[in-house]
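First up is the structure itself, then whatever we jot down about it.
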Amino acid sequence: MTEVSLAGIYSLVPETVITAMVTAAADLGSPLFLCGGAVRDLLMNRAPTDLDFTLAAAGPLARRLARDLPATLVVLDEKEQAWRLVWKGIDLDITGMRGRGDDIIDDLSFRDFTVNALAVALDHTALDRGRAGLIDPGGGIEDLVARRLRMVNKGAFAADPLRRLRAFRFAAALDFTVVAATMSAIGEYSGSLAGVASERINHELEQMLASGRAATGLELMRDNGILGEVMPELYRGAGMAQPASHHLDVLDHGIAALTAVEELIGDPGRFYPDHGRDFTAWIRIGNHKKNLRWAALLHDVGKPDCFALRGERITFYNHDQVGGRLVCAIGRRLRWSRRQQQRVAHLIRLHMWPFHLNNAGKKTGITPRACLRLYRAAGDDLAGLFLLAMADCIAGRGPGRPEMMEEDLAGLYAGVITVVRERIRPIRRGRPLLTGHDLKAMGITPGPVFRRILDGLEEARVNAEVNSSEEAAAWVARFLSVR
């Protein structure tokens, strides 16, 4: 029997906690098992990201440990014997045996995939040795070696339809192949995700996106058709032709842009020489990486609604704005926070701006005023917007694509950020030439016109057309005279 080293679990939780669990289980006379993904990860020499424990006396153990550690006890599903202990920010899931009595083999037969239907018995002997024997009734170790994902039995998908989606998340995260019989069974239960909570679906999708290999899972979902169940707006782009600048249809272009974003997250300086630190700093803030991944995948989701043929030319006018609205609807359905909806939609609504500005700049040059307007629109997401634009560019390799697009975007960012740092930010941080009080003193009634005047003055200052309070007052007088 293959043995498993237990050392890896101590990277997640101290040995004292595991010892306390083993002692409590022994006192209760109920064998304790570490099961599922943690065992799989230990066998793959990966640090487990969570720990799932199974025993017949799950409830009594959870309540005792909540008192003894101490830890916060969360009842996940008392009927299904599922509890969670939160100890110093670490989640420890404790579940009862599925099936008959305290038979771990029977319990594992209810799991989803063979590589997760694994267990090790935890007792003081195993802890002293630092190793435990592997329990593998379904041939999971062979599937791990072969890097394949195979269902334990077809009933797994009937018991929990979310497992259909989870298969593709695991395929992406582990870089495994889904065997044909499992793919076929997933297809047989088409439509069953309709009854699954949106939060659970979103969790699987976000885990897939965070894996760094999301394209693998998404392409399998596309081919299987399950993508149409969970993201019909995105799936509508399958087979939709694009202009000559693209080599992929709308759906596959979104997947390719997501892959490109992973390249950019890993090494933004490769595409934006001399400014890699700007992008790395933005990427590290809060949920920026997650939002950027979603924006890359969904940036063209508005195209099916905007498709038009003008002669032989394909156009998607206004798809960025339509896409922003659709993404908000998708986010509401997947139970995103309002802030996440707004941030992803914001990037998508703006994603064409760098390209339009670049094209205009080639004809007339890029003015400080144009840089200010872009900076106002993008705000703190300026770096994120240029990452999204670069991913969009990398993912479009059609014969009609303009040459040197990546270099042009890098040069555009360099020009914009120079104006931002040398002119826009100093002006914004300095004392204003005129305030709202000054405008009222000039006899102007407060209202929307105040914002138009102050914004116009800022543009004039950035463009070096106004440099003093006197010049600002004269500018206001001219503005009012032509209203």
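For the range 17-35, residues that are within 16 Å of residue 7 (Cα to Cα) and part of a strand (DSSP E or B) total 3.
Give me the pairs: first residue in the range 106-131 and closer than 22 Å to residue 164 by Cα, second residue part of a strand (DSSP E or B) and of a type in the set (Asp, Glu), beta-carbon distance under 6 Å, and six or more apart or on different chains, which are they? Between residues of the range 106-131 that are closer than 22 Å to residue 164 by Cα and residues that are part of a strand (DSSP E or B) and of a type in the set (Asp, Glu), there is no close pair.
Take the conditions in contact (Cβ under 8 Å) with a residue 40 or more places away in the chain, more than 15 Å from the chain's Cα centre (by Cα) and surrounded by fewer than 16 Cβ atoms within 10 Å (Cβ to Cβ) and apply them to residue 354. Does it pass? No. For residue 286, all conditions in the list (1) within 15 Å of the chain's Cα centre (by Cα); (2) buried (at least 17 other Cβ atoms within 10 Å of the Cβ) hold save one; what is the number of the exception? That leaves (2) as the condition not met. Scanning the range 130-158 for residues that are part of a strand (DSSP E or B) and more than 30 Å from the chain's Cα centre (by Cα) returns 131, 132, 133, 134, 135.
Within the range 255-274, if we keep just the residues that are of a type in the set (D, E, K, R) and outside any helix (DSSP H, G or I), the residue that is surrounded by the most Cβ atoms within 10 Å (Cβ to Cβ) turns out to be 267. Helices (runs of 4 or more DSSP H) fully within the range 432-483 that include at least 3 residues being modelled with pLDDT of 95 or more, touching a strand residue (DSSP E or B) at 6+ places or on another chain (Cβ under 7 Å) and over 25 Å from residue 418 (Cα atoms): none found. Residues in the range 322-340 that are among the small types (Gly, Ala, Ser) and in contact (Cβ under 8 Å) with a residue 12 or more places away in the chain were compared, and the one that is surrounded by the fewest Cβ atoms within 10 Å (Cβ to Cβ) is 329.
Pairing residues of the range 145-162 that are under 20 Å from residue 204 (Cα atoms) with residues that are acidic (Asp, Glu), at Cβ distances under 6 Å and at least 6 apart in sequence or on separate chains, gives 150/143; 156/112.
The residue that is surrounded by the most Cβ atoms within 10 Å (Cβ to Cβ), counting only those in the range 302-321 that are touching a Lys or Arg at 6+ places or on another chain (Cβ under 8 Å) and over 14 Å from residue 232 (Cα atoms), is 319. Checking each residue in the range 347-363 for being part of a helix (DSSP H, G or I) and touching a helix residue (DSSP H, G or I) at 6+ places or on another chain (Cβ under 9 Å) picks out 347, 348, 349, 350, 353, 354, 355, 357, 358, 360, 361, 362.
For the range 284-313, a tally of residues being part of a loop (DSSP other than H, G, I, E, B) and free of Cβ contacts under 8 Å to residues at least 24 places away in the same chain returns 5. Within the range 219-230, is there a residue that is without any contact (Cβ under 8 Å) to a residue 60 or more places away in the chain, surrounded by 22 or more Cβ atoms within 10 Å (Cβ to Cβ), touching a Phe, Trp or Tyr at 6+ places or on another chain (Cβ under 9 Å) and not small (Gly, Ala, Ser)? Yes: one or more hits.
Restricting 28, 42 to residues that are assigned by TED's automatic domain parsing to the domain that holds residue 121 and closer than 24 Å to residue 139 by Cβ narrows the list to 42. Residue pairs whose Cβ atoms lie under 8 Å apart, separated by 6 or more positions or on different chains, with the first residue in the range 422-436 and of a type in the set (Val, Ile, Thr) and the second surrounded by 12 or more Cβ atoms within 10 Å (Cβ to Cβ), are 424/368; 424/371; 424/372; 424/375; 424/462; 427/458; 427/461; 427/462.
The values are calculated or read from the model by the stated rules, or taken from the named source; none is laboratory data. The structure displayed is predicted, hence computed values, not measured ones. No Cβ is skipped: glycine too gets one built from the backbone with ideal geometry, and neighbour counts run over all protein chains shown.
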